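K.L.:
This is the structure I want to talk about, given as structure tokens.
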Amino acid sequence: MGNQVEKLTHLSYAEVPTADPNGLDPEEDAPRIGVSYIFSSDDDDLEDNVGETDRERNEEEAQYDGRNEVECAVYYRDDCVYERSSKTGDWSTYSPENLLNKCKPGDVLELVATGQYPHWAVYVGDFQVVHLHRAEIKNSFLTDASQGRRGRIVNDLYRFKPLSPDVVVQNAMEQVGAKELSWRNSECFAAWCRFGKREFKIGGEIRIGKQPYRLKIQLSEKKSHVLEFQSLEDLIMEKRRNDQIGKTAVVQELENHLNCTDETRHEQGTN
């Protein structure tokens, strides 16, 4: 199944093809699933908080609970190229106003709210960010781009060598107004501005042959689950879906999938 490309937009784990028929990672005691995607756009840039009052937005800020965030790591072959873990940093979030006091031009920001895809942006100075929003690259004030979401600086989530802050800002500003886009979502765009790697662009990698990327989802201190992908772009889409639904829902999906798999094996063994 490694060479097979499936349309897997927003499928549950029970509907995802398994790379190893035994469902086990030969290197780690964690199930492994192979995933490929063909689809158009991430949903985060289609969501405006239309009609929200300032009071409702402030309530959303107060309600955001980082304890339901999914901890995970991304590997390209044997190299870890991304990691979000409570052990690797402080993932506290701040109101847009407080976040502005911490930002420097060239910083990559992540704006978060419960039940929404994370929205990424590049801080370019003068209280402004450049971000992909509603299929266009826009230059906005951070307070407007946040739409009531809390935020944090995420320069170090990806472990690629960053470009200089001036070049990051230049990359972002040169794209303002663009509508013929090379990125599926705000995260891919902001990461491309910071690192300049083609892997973040649409079609930046050919999806054939072996799946070199692995997404390791940390379910508990001793339990994890591994998914395989043919491109970084595809992996980011699944990672963002997990961010949107939260850790509790991800764990439930995986438990349902693994229980279903175990029942199928048992039935096959008794036939």
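K.L.:
Identify, from the list Val168, Val129, the residue that is assigned to a strand (DSSP E or B), at pLDDT 95 or above and either touching a His at 6+ places or on another chain (Cβ under 6 Å) or over 20 Å from Arg84 (Cβ atoms) (or both). Give the derivation first.
P.N.:
Values: Val168 fails: assigned to a strand (DSSP E or B).
The match here is Val129.
K.L.:
Here are some residues: Phe195, Phe229, Phe141, Phe200. Which one is open to solvent by 10 Å² or more (accessible area, probe 1.4 Å), within 20 Å of Cys80 (Cβ to Cβ) and among the hydrophobic types (A, V, I, L, M, F, W, C)?
P.N.:
Phe195
K.L.:
Now for a different question. What number of residues in segment 213-244 are without any contact (Cβ under 8 Å) to a residue 60 or more places away in the chain and of a type in the set (A, V, I, L, M)?
P.N.:
Result for segment 213-244: 2.
K.L.:
Would you check if there is a residue in segment 173-181 being in contact with a strand residue (DSSP E or B) (Cβ under 6 Å, 6 or more places away or on another chain) and in a strand (DSSP E or B)?
P.N.:
Checking segment 173-181: not a single residue is in contact with a strand residue (DSSP E or B) (Cβ under 6 Å, 6 or more places away or on another chain) and in a strand (DSSP E or B).
K.L.:
Hey, can you tell me all the residues within segment 172-192 that are open to solvent by 10 Å² or more (accessible area, probe 1.4 Å), of a type outside the set (A, V, I, L, M) and within 21 Å of the chain's Cα centre (by Cα)? Give the steps one after another, and end with the answer.
P.N.:
Restricting attention to segment 172-192, the residues satisfying the condition of being open to solvent by 10 Å² or more (accessible area, probe 1.4 Å) are 173-184, 192.
Okay, now just the ones that are also of a type outside the set (A, V, I, L, M), so 174-175, 177, 179-180, 182-184, 192.
Of everything in segment 172-192, those that are open to solvent by 10 Å² or more (accessible area, probe 1.4 Å), of a type outside the set (A, V, I, L, M) and within 21 Å of the chain's Cα centre (by Cα) turn out to be Ser182, Trp183, Arg184, Trp192.
One line per residue, one yes/no per condition, for (1) at pLDDT below 95; (2) touching a Phe, Trp or Tyr at 6+ places or on another chain (Cβ under 9 Å); (3) over 24 Å from Ala191 (Cβ atoms):
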{"position": "Lys210", "(1), (2), (3)": "yes, no, no"}
{"position": "Ile217", "(1), (2), (3)": "no, no, no"}
{"position": "Val251", "(1), (2), (3)": "yes, no, yes"}
{"position": "Asn259", "(1), (2), (3)": "yes, no, yes"}
{"position": "His266", "(1), (2), (3)": "yes, no, yes"}
{"position": "Thr270", "(1), (2), (3)": "yes, no, yes"}
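The values are calculated or read from the model by the stated rules, or taken from the named source; none is laboratory data. These figures come from a predicted structure and were not determined experimentally. Don't worry about glycine lacking a Cβ; one is built from the backbone with ideal geometry, like all the others, and counts go over all protein chains shown. In case anyone asks, the SASA skips ligands and DNA or RNA and just uses the protein heavy atoms, side chains included. Shrake-Rupley method; radii C 1.70, N 1.55, O 1.52, S 1.80 Å.
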